[in-house]
Structure formats: C-alpha cells, structure tokens
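The values are calculated or read from the model by the stated rules, or taken from the named source; none is laboratory data. Remember, it's a predicted structure, so these values are computed and weren't measured experimentally. Calculation scope for accessible area: heavy atoms of the full protein, side chains included, ligands and nucleic acids excluded. Shrake-Rupley method; radii C 1.70, N 1.55, O 1.52, S 1.80 Å.
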Amino acid sequence: MAQNKVIAGDYQGKNIMVGRNEILLYTSFTKSFPLNKTSVSSYELITEEHRKSAVSGVSRGLVGGVLLGPVGLLAGLSAKNKGTHTIAIEFLDGKRSLIEVNEKIYKIFIQTMF
C-alpha cells in the first residue's frame, strides 16, 4: 500500500493528499502547495526496471543518485506493490523529493503535469 508521502529528499515525511482536482504536498498541518507546473520543473517515474538496474549497480547515477543521492536511490527501491508509484520530483526552487503515491494520486498528478 502506498504511503502517499515524501520518502526521501526535501520535505521527507511530509504527506501528499488530493485537493480539488490537484495534488497537495503538506509542509505543515495548515500549509501546503500544489504539485503541478507552477511548482514542479521535472519529474521521473521510478519503474521496476530502474530499481533492478540500480540494485545491480549498473545505473546508480541514473535516477536516485543524480536526483537525491544514495539515500534517495535506496528509498526508491522500496516500493514494489502494485498500484504504488515512486516519482522523483525536482521543484522549480531546486529542491528535490522522492514521493510514493497510490494509483489515484498518480493519475491526477500526471494529468496536472501534462
């Protein structure tokens, strides 16, 4: 089951929830910001293929190593459940996060980023 949280990098441990047709990252109990084109400069879905190559050491720098360093890379290897999506995000302000979300949040995120 997806955590719907930031699992590594900036904002680690912060919750991700659905707002009115948008995804919100809560930085505190009352403060949040949307995960969309106004805050995200780039994102990459971390697939099973990425995980396997990272585990074998072939492409450590490919995903987590480049975006979040070794800690981010290892965190990206954890989500293996079906319906769980791990996404590396780079924000417009230069911060980076690795998030784990369920299918519903993933679909809304992809639609808002299109």
Legend entry - residue 45 - accessible surface, heavy atoms, 1.4 Å probe, Å² rounded to 10: 60 Å²
Inset, instruction - Rank these by accessible area, largest first, 1.4 Å probe: 43, 26. - result: 43, 26
